[in-house]
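What follows is a short report on a single structure.
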Ligand SMILES: [Zn+2]
Ligand SMILES: [Zn+2]
């Protein structure tokens with residue numbers, strides 16, 4: 001998986017930073033996470049292929065997370081997209097989008113609505129699982145967790161030969177099954193295979209106040225994006241507006257035992273996000289700060 005940040009600012013664009021949007025690349029497919037104003041401009045700027053977008057995930061109905069969608073959907077149509085596009089979003093988004101796009105697109109849109117305060121599985125394929133989970137914000141909001149599954153075990157060809165296991169059974173061995181010959185002793189899977197790569201997870205917490213309730217959903221993530229709208233000195237603003245400070249984001253990362261944290265969604269009042277970064281690394285030193293065009297391999 002590879003994450004690329006597009007927009008990393010809060011509600012108002014400032015100092016060349018656009019509102020929130022990012023893309024996650026998984027096996028050559030792109031998953032767009034939030035789509036603030038300017039998302040498609042940033043995609044062009046950083047060579048993100050708009051036509052490779054497989055699905056769109058919108059966290060909540062604040063404009064800085066979806067105002068870029070109309071333009072993007074129209075561009076895909078002008079470029080001749082044919083395959084259906086799934087949009088996982090709050091229930092209210094479909095009406096807004098369909099009322100603005102009162103012309104035929106070259107492809108179908110399929111909206112899947114989040115259920116308030118509930119975590120659900122949005123995608124569950126052989127290789128990928130995507131879940132949404134509720135966070136704490138001023139309106140119903142969901143974060144997203146992407147898990148790249150590496151469930152296959154690694155088969156040892158020499159041992160397979162030694163135990164005379166037929167070739168047709170190799171896939172079943174990789175799936176963890178034991179081999180039972182017609183005659184003779186059962187061959188346990190662990191004798192001829194070893195563990196494959198561990199699953200990889202990316203968790204995106206959208207806009208949220210400090211909330212330890214989200215920890216079970218993001219626990220041990222390889223990479224976590226947690227908003228950090230305010231510096232620690234502005235904690236009162238963070239509390240009233242249901243956003244987080246740099247230290248709060250870092251504390252969640254620490255408690256959830258994630259491997260790496262990215263902070264973002266900066267308030268337009270700060271010229272330099274490095275101030276937020278300096279506060280966060282004091283609590284969780286594996287912290288990076290979001291910046292347009294920056295990528296992380298997971
Ligand atoms: Zn926001
Ligand atoms: Zn918001």
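Of note:
- Condition check for residue 44: without any contact (Cβ under 8 Å) to a residue 24 or more places away in the chain, within 15 Å of residue 293 (Cβ to Cβ) and surrounded by fewer than 24 Cβ atoms within 10 Å (Cβ to Cβ): yes
- Only one of the listed residues (122, 73) is crowded, with 17+ Cβ neighbours inside 10 Å, more than 21 Å from residue 203 (Cβ to Cβ), at pLDDT 95 or above and away from ligand 1 (no atom under 16 Å from the Cβ). That residue is 73.
- Residue within segment 52-62 that is within 16 Å of the chain's Cα centre (by Cα), assigned to a helix (DSSP H, G or I), within 14 Å of ligand 2 (Cβ to nearest atom) and in contact (Cβ under 8 Å) with a residue 40 or more places away in the chain present: no
- Among the residues of segment 218-245, those identified as away from ligand 1 (no atom under 16 Å from the Cβ) and either within 21 Å of residue 145 (Cβ to Cβ) or crowded, with 24+ Cβ neighbours inside 10 Å (or both) are 218, 219, 220, 221, 222, 223, 224.
- Residue count, segment 246-279 (criterion: within 17 Å of residue 204 (Cβ to Cβ) and either crowded, with 18+ Cβ neighbours inside 10 Å or more than 17 Å from the chain's Cα centre (by Cα) (or both)): 13
- The residues of segment 197-248 that are part of a strand (DSSP E or B) and closer than 30 Å to residue 153 by Cβ, listed by number, are 200, 201, 202, 203, 204, 223, 224.
- When residue 193 is tested against the conditions (1) in contact with a helix residue (DSSP H, G or I) (Cβ under 6 Å, 6 or more places away or on another chain); (2) modelled with pLDDT of 95 or more, the lone failure is (2).
- All positions within segment 10-39 that are in a loop (DSSP other than H, G, I, E, B), crowded, with 24+ Cβ neighbours inside 10 Å and away from ligand 1 (no atom under 13 Å from the Cβ): none
The values are calculated or read from the model by the stated rules, or taken from the named source; none is laboratory data. What you are looking at is a predicted structure, and each value in this text was computed from that prediction instead of being measured. Here Cβ is always computed from backbone atoms with ideal geometry, including for glycine, and neighbour counts include all displayed protein chains.
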